[in-house]
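Asks: My questions will all concern the structure given below.
A short reminder: the numbers here are calculations on the coordinates, not readings from a lab. Quick caveat: nothing in here was measured; it's all calculated off a predicted structure. Note that each Cβ is placed from the backbone with ideal geometry, even for glycine, and that neighbours are counted across all protein chains shown.
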Amino acid sequence: MKNNSIPVHSSLLLGQNALPKDPTGEWKVIDPSRSEVRIAKCVYAYSQIDSLVNAAHENQKAWANKNFQERHRILIQSIETFISNRDLIIEVAQHELGRSLEDMKFEFAQIEKWAQAFEKFTPLEQEPRGVTAVVSSYVSPLLNNTHFVFLNLLAGNAVVLKPSERAALTVLKWAEYVTKDESIAKVFQVLVGEKEMGRRLICHDQISTVIFMGSFEVGMRVKQDTLSQPAKEVLLYLGAKNAAILCEDFPKNAAKTLIQDCFLSTGQNCRSVSVIFVHESKFQEFLDEFHQLSKEFKIGPPLSHAYMGPFIDEAMLDRHLKFVGISEREGGEVLMRGKPLTLAEKGHFATPTLAVFQEVTPELMKKSISLQAEILAPHVSVIRYESYENMVQVQQQMHYGLCASIWGANQERMKQIARDLNVGEVVFNQSLLEVDLSESFQARKKSGNHAHHGFKLYEQLTVLNKKPR
């Protein structure tokens, strides 16, 4: 495909594609399932930051002056508009992100569940904070951005969203329908650009709140960059290394559900499971079933009705392959070795990795790389444990603390394990991917700071009402 035949995208300003006259930079958008195919070009300019932030700032007061019920009504209609156009949005996401149709439908199902709760959400009215900068990830960009953007707008804030350059087309397509209403188009802008654009946006003096989604390392730089602006609320949603804990009485559907949690998004989901603890009495039984199921699903491009698609880019594919050797060096028996998968489409495809650890001590877990790093890949470590006390001691050494699932029949025992785990959210006998974003919790350890998930986030997007004396 010739470069001059592909569409050119830039920031969304007041609902329009705002191509800069003098671009600072650009990048080609590559289909990860067909790495030789360029599907679009994105261009950006640093000058766009002021343009978008100023537009959001100038229109925020009029939006905030609408009563709560009016804002709520407009936003509900906007949600209905983009959900009704899901097929067009999914088509873009399949080409840009390589996400399977089943995966994208699953994400939209979670959005619809959230939308039903949002329609009934009636918080106490408080003062909006002003303009919020949302710097988001390519991980579940529709679900996460829907939550962040619509809660901000409901609170009376304006929003400037800077999507990951890996998900820019998907977010722009979604925003096209979100901004069909002129009043939303005035207060919701989308800033297209690479990492430096995000850094400059975060530091802008008219930004009152920052929501950042990304790695722990970049999150620490965000915090450092904003130290001189103490009034700015900085909410960090960082990495994860989620565990599933199987008791000796785990239900029969556990292995099948964990296949979904480990592999549906090619492991590229902050709620994916990548460590599975299994009680010794059922260890081999579970391992045999999980291993067999891991070999049965189809890997391929999204339009081929595959279950697991490609990696988002070559760098993430290389990272996946590198961790095979790391697991082996740390004592893991590699039952399935992640290998590049050569298909006719020449995309970023690979097979899963399944590493088995017969014994992991708290000391080994503390020092491990493969059991601690957020790999964002179909790399699963299965750990055998003898006692619940020992398993909890090992899990407590994990650096991240987003969420975990526990599988069993003894409710009291599962509740005790949940209390002992230092993670933000624990679910029993269900998929971690079946997220209810209306439910609130706080991540622990390296997975974030004081930022709330769920509808309680609304409180951090507002300030107490001024009371005249």
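Asks: Tabulate in residue order the Karplus-calculated ³J(HN,Hα) for segment 269-274, using 6.51 cos²θ - 1.76 cosθ + 1.60 with θ = phi - 60°, rounded to whole Hz; enter x for Gly and Pro.
Replies: Once θ is set to phi - 60°, the couplings for segment 269-274 become 9, 5, 9, 5, 8, 10 Hz.
Asks: Please rank Thr353, Thr257, Thr266, fewest neighbouring Cβ atoms within 10 Å first, as an exposure proxy. Don't skip to the end; give the middle numbers.
Replies: Numbers: Thr353 27, Thr257 20, Thr266 31.
Listing Thr353, Thr257, Thr266 from fewest to most nearby Cβ atoms yields Thr257, Thr353, Thr266.
Asks: For Glu296 and Ala409, compute 0.36 nm times the residue count separating them, minus their Cα-Cα distance, and round to one decimal in nm. If you can, show how the numbers build up before the last one.
Replies: Values: separation 113, 0.36 × 113 = 40.68 nm, distance 2.80 nm.
37.9 nm is the gain from fully extending Glu296 to Ala409.
Asks: With contacts defined as alpha carbon pairs under 8 Å and 6 or more residues apart, what's the relative contact order of the chain in percent? Can you show the working numbers first?
Replies: Numbers: 993 pairs, mean separation 80.5, N = 469.
Relative contact order for the chain comes out at 17 percent.
Asks: Please work out the Cα convex hull volume for segment 3-238 and give it in Å³ per residue.
Replies: Each residue corresponds to 121 Å³ of Cα convex hull volume.
Asks: Students often forget the sequence filter, so: which aspartates and glutamates lie under 20 Å Cα-Cα from Lys113 once same-chain residues fewer than 8 apart are removed?
Replies: Qualifying aspartates and glutamates at Cα under 20 Å: Glu80, Asp87, Glu102, Asp103, Asp261, Glu425, Glu434, Asp436, Glu439.
Asks: Extending each Cα 7 Å along its Cβ direction at Ala117 and Glu386, get the distance between those two points in nm, one decimal.
Replies: Placing both labels 7 Å along Cα→Cβ, they lie 4.1 nm apart.
Asks: I need Asp318, Asp22 ordered by Cβ neighbour count within 10 Å, fewest first. Could the numbers behind the result be given before it?
Replies: Details: Asp318 13, Asp22 7.
Ranked by crowding around the Cβ, least crowded first: Asp22, Asp318.
Asks: Loop-only GluC sites (Glu not before Pro) in segment 321-382, please: DSSP not H, G, I, E or B, and at most 14 other Cβ atoms within 10 Å. Write out the running numbers ahead of the final one.
Replies: Values: sites: Glu328, Glu330, Glu333, Glu345, Glu359, Glu363, Glu374; in loops: Glu330, Glu345, Glu359, Glu374.
Loop-located and lightly packed - Glu359.
Asks: Tell me, what is the FRET efficiency for Asn67 and Gln224 to the nearest 0.05, using R0 = 60 angstrom and their Cβ-Cβ distance as r?
Replies: Efficiency at R0 = 60 Å is approximately 0.90.
Asks: Treat the count of other C-beta atoms within 10 Å as a stand-in for reagent exposure and order Ser405, Ser78 from fewest to most.
Replies: So the residues, fewest neighbours to most, are Ser78, Ser405.
Asks: Let me ask something else about it. Please list, in order along segment 338-348, the HN-Hα scalar couplings obtained from phi with the Karplus expression 6.51 cos²θ - 1.76 cosθ + 1.60 (θ = phi - 60°), rounded to whole Hz, x for Gly and Pro.
Replies: Using θ = phi - 60°, the values come out as x, 9, x, 10, 8, 10, 4, 6, 6, x, 8 Hz.
Asks: Report the charge-dipole magnitude of segment 328-384 in Debye, nearest 20, computed about the Cα centre from +1 at each Lys and Arg Cβ and -1 at each Asp and Glu Cβ.
Replies: 100 debye
Asks: Could you give me the ³J(HN,Hα) list for segment 165-175, computed from phi with Karplus coefficients 6.51, -1.76, 1.60 and θ = phi - 60°, whole Hz, x at Gly and Pro?
Replies: My calculation for segment 165-175 gives 4, 6, 10, 4, 5, 4, 5, 5, 5, 4, 5 Hz in order.
Asks: For segment 396-469 and segment 21-91, compute the distance between their C-alpha centroids and round to whole Å.
Replies: The distance from the Cα centre of segment 396-469 to that of segment 21-91 comes to 29 Å.
Asks: Put +1 on the Cβ of every Lys and Arg and -1 on every Asp and Glu Cβ in the chain; which of Val273, Leu75, Gln229 then has its Cα farthest towards the positive end of the dipole?
Replies: Positive-end residue among those listed: Gln229.
Asks: Helix-only mean residue ellipticity at 222 nm, the chain, DSSP H runs n ≥ 4 weighted -39,500 (n - 2.57), per residue, nearest 500. What is it?
Replies: Details: 16 runs with 185 residues, N = 469.
After summing the helix terms and dividing by the residues of the chain, the value is -12000 deg cm²/dmol.
Asks: What lysines sit close enough to Lys367 to cross-link, taking a C-alpha to C-alpha distance under 24 Å and skipping anything fewer than 8 places away on the same chain?
Replies: Qualifying lysines at Cα under 24 Å: Lys241, Lys322, Lys445, Lys446.
Asks: A further question on this structure: Please work out, to two decimal places, the log10 of the ratio I(q)/I(0) at q = 0.11, 0.14, 0.19 Å⁻¹ from a Debye calculation in which every Cα of segment 159-305 carries one identical scatterer.
Replies: With no solvent term, the Cα-only Debye profile gives -0.66, -0.87, -1.12.
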